[in-house]
């Protein structure tokens, strides 16, 4: 395989440092599309880089040394012929927050999909005041580790604004959409997630937040630890502060200001909330369809307006296929569902 160009080498180092520009990301995207071996190679390089010892993290990046280590691993045995040749290249780029892969399932080609560089599922911006923004498209998800060690799993159609490093005060981030947080404990620096008409304050815990700006109901699910939940009005004024307990969920209707606290059932406690869980309690099909569009990246049309008022209660994992979800919703066979490409049309079944 031909040697990488200097420009592509630079883009690779930028990716490893978590500091890709849109142009560099486009170069990598095109390179990954050329050969499946490129994706596998990039995935391995990224994880070797993430495994560097703390003592070496501040040092320059030696891409060629990483490549040699990669080819020594048994899972890449025999890959010498397909791995691209890279000149020894070092850089003094500043250390950044590392974006990590959600899994090995589709090798590194999936990284552009789930949001590790740039692409359909992800867009990272760096502003002059050292804040970053990660955006994840419908049907995608992404994982990242913040500067304090907090792990975040971003869900579909979501964005998170966060600082490149936390200062001496509270650790604050801003969410539009859904994310699962595993917060690094720090009693002196509370971790605060701001979203539309609510703020979640924690010291160290695991919880999930659903707060899409285009939906009326926000939900906060506490899995371990303790959180304080501030419910706000349209002007940002505090309406009420709640204390959630482990395995408890709060649903806040931002339209009428009402909220509901409910315990998680046995199934919900066993589910992997990091993978994604959608729990709905007496919710309309209209609202459920809107959420499914965000999760699965599809368009759902309710042909009969009255269908939007049908109400459901249930829970499913986002690892389930959409047709399985529709089967659950259509348990009584009252719906007629037709797929046209990426669009699903739902009408009342004639009896």
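A short reminder: the numbers here are calculations on the coordinates, not readings from a lab. Predicted model only: the values in this text are computed from it and were never measured. Reconstructed Cβ throughout: ideal geometry from the backbone, glycine too, with neighbour counts over all protein chains shown.
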Roughly how far apart, in whole Å, are the Cα centres of the stretch 146-222 and the stretch 273-343? 26 Å
Starting with the fewest neighbours, write out 142, 226 ranked by other beta-carbon atoms found within 10 Å of each beta-carbon. 226, 142
Scattering profile of the stretch 120-271 from the Debye formula, Cα beads only, expressed as log10 I(q)/I(0) at q = 0.15, 0.16, 0.18 Å⁻¹, is -0.77, -0.88, -1.13
Only Cα pairs under 8 Å and at least 6 apart count here; give the relative contact order of the stretch 276-351 as a rounded whole percent. 37 percent
Inter-probe distance in nm under a simple model that places probes 7 Å from Cα toward Cβ, at residue 21 and residue 337: 4.6 nm
Estimated distance in nm for a label pair at residue 224 and residue 266, the labels positioned 7 Å out from Cα along Cα-to-Cβ: 2.2 nm
Just rank 344, 166, 207, fewest to most, by other beta-carbon atoms within 10 angstrom. 166, 344, 207
Can you compute the modelled spin-label distance between residue 312 and residue 345, with each label point 7 Å from Cα toward Cβ, in nm? 2.0 nm
Order the peptides 276-286, 259-269 from the highest to the lowest mean number of other Cβ atoms within 10 Å of their residues. 276-286, 259-269
Most exposed first, judged by fewest Cβ atoms within 10 angstrom, 337, 310 run 337, 310
Whether the stretch 212-315 is rounded, prolate or oblate, judged on the alpha carbon gyration tensor where a/c under 1.5 counts as rounded: oblate
The stretch 293-340, Cα convex hull volume normalised per residue, Å³: 97 Å³
For the stretch 147-251, what's the relative contact order in percent, using C-alpha pairs closer than 8 Å and at least 6 residues apart? 20 percent
